Structures are given as structure tokens and as C-alpha cells.
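The values are calculated or read from the model by the stated rules, or taken from the named source; none is laboratory data. The shown structure was predicted, so the numbers you read here are calculated from the model rather than taken from an experiment. As a convention, Cβ positions derive from the backbone with ideal geometry for all residues, glycine included, and neighbour counts pool all protein chains shown.
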């Protein structure tokens, strides 16, 4: 069986990433619409001066339209964050699967650095791919080591940088992943494989 032409490989790689990107944009557009509708409804309700809050005999809130509308907006925000993180991991794993197939480095012991180096002998690889790998590891494993490493490279990924609190002596952090970080991940992956403009693999040039 003859190998695929480079132009076909570029089409398969780039169009596959396009589908992931389009899925992300569709998912976030729907969630943002839901969040905005909830927030606007909450603002209108508060401005109306109405308050149908109900409390039990212990003073605990058991019903409130304002609370329900506010919670709906907050839940949409949490869902947006989860979607962003999921698509960042999906984009990195898309590159990883492609690179491992292209290089034949499919063994568990073939780590990221080895795969990236081998892939760079075939196709362009973005200088930012290592940062994306670090972010993927943090999202996947949630380790303090990954958090510290990423914070040293891209502090803009955090709402709260890794820090140790005396009350439990554990390291805590809070990621602040926005749409721009996901779009950036797509562009890193796009630049790390077969390109439409290339005449062929790097090694053939």
C-alpha cells in the first residue's frame, strides 16, 4: 500500500482539528447564550422589586426565584470552564495520537519529549507545544508540581497562583482558563503537524 501524499495528510490533520474547534465554538455559544439569558432574567427580577423568597422554621431558604436565576447563570459559568478544559485536553490528545502514529512511538515508555523530537523530524512543531503539554498534565492530573511548572511559564492561566496555606500546609491554585486559551491551544496544535503550505515533511526539504 503506497503512503498517502503529504497534501492528503495535511488535509486530514487540519480538517480533523477544525472539527474539534467547531465543536468547541458551538458548545460555548450555547452555554454563553444560556448564561446571558439567566443573568438578564435575574437582573430584571431584582429590578422589579419582587421577592418570593420562602424560608423554613429554622430560617433556611427553601425557595427563591432570584436565587434560582442567579444559580442558573453560575452553573453555566462552571459548565463553560469544564468545556474549555475538556477541549484543551482534546486538542493536545489529538496531536499526541497523530504524532505517535506518524513516528511509530506508541509504547507507554515513549514520553512527550521523545515523541515531540521525533515528530519535529517530519513536520513543523510549535515552540509552545511544551507549554500545552504542561497545561494538559495539570488538567489531567491536578498535581502541585504541574501547577508550579505552568505558573512559571504562563501565569495568565491562573486566577490564583500556586501557594501554600498554613492551615493545611497544602498547595492551592485556581486556573482561569478563557476562550482565548482554548483557541491558542488549537493554533499550537495546528502549527505542530502537516501543513497545507508545505511541499512535504521536514526531513524531505
Given the conditions (1) outside any helix (DSSP H, G or I); (2) touching a helix residue (DSSP H, G or I) at 6+ places or on another chain (Cβ under 7 Å); (3) more than 30 Å from residue 27 (Cα to Cα), which single one is not true for residue 173?
-> (3)
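In the list 130, 142, which residue meets the criterion of being modelled with pLDDT under 95 and either under 30 Å from residue 45 (Cβ atoms) or surrounded by fewer than 19 Cβ atoms within 10 Å (Cβ to Cβ) (or both)? Step through it out loud before you land on a result.
On the way: 130 fails: modelled with pLDDT under 95.
After applying the criteria, what remains is 142.
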Test for residue 67: is it under 24 Å from residue 28 (Cα atoms), surrounded by 12 or more Cβ atoms within 10 Å (Cβ to Cβ) and touching a strand residue (DSSP E or B) at 6+ places or on another chain (Cβ under 7 Å) = yes
Residue among 27, 66, 37, 99 that is in a helix (DSSP H, G or I), more than 30 Å from residue 191 (Cβ to Cβ) and at pLDDT 95 or above = 37
Just wondering, is there one or more residues in the range 86-94 that are surrounded by fewer than 17 Cβ atoms within 10 Å (Cβ to Cβ), farther than 30 Å from residue 31 by Cβ and free of Cβ contacts under 8 Å to residues at least 60 places away in the same chain?
-> no
Show the residue pairs that are 6+ apart or on different chains and have beta-carbon atoms under 7 Å apart, the first residue being within the range 1-13 and more than 13 Å from residue 101 (Cα to Cα), the second being modelled with pLDDT under 80.
-> 6/198; 6/200; 6/201; 10/198
Within the bounds of the range 184-196, is there any residue that is closer than 28 Å to residue 12 by Cα, at pLDDT below 90 and surrounded by fewer than 17 Cβ atoms within 10 Å (Cβ to Cβ)?
-> yes
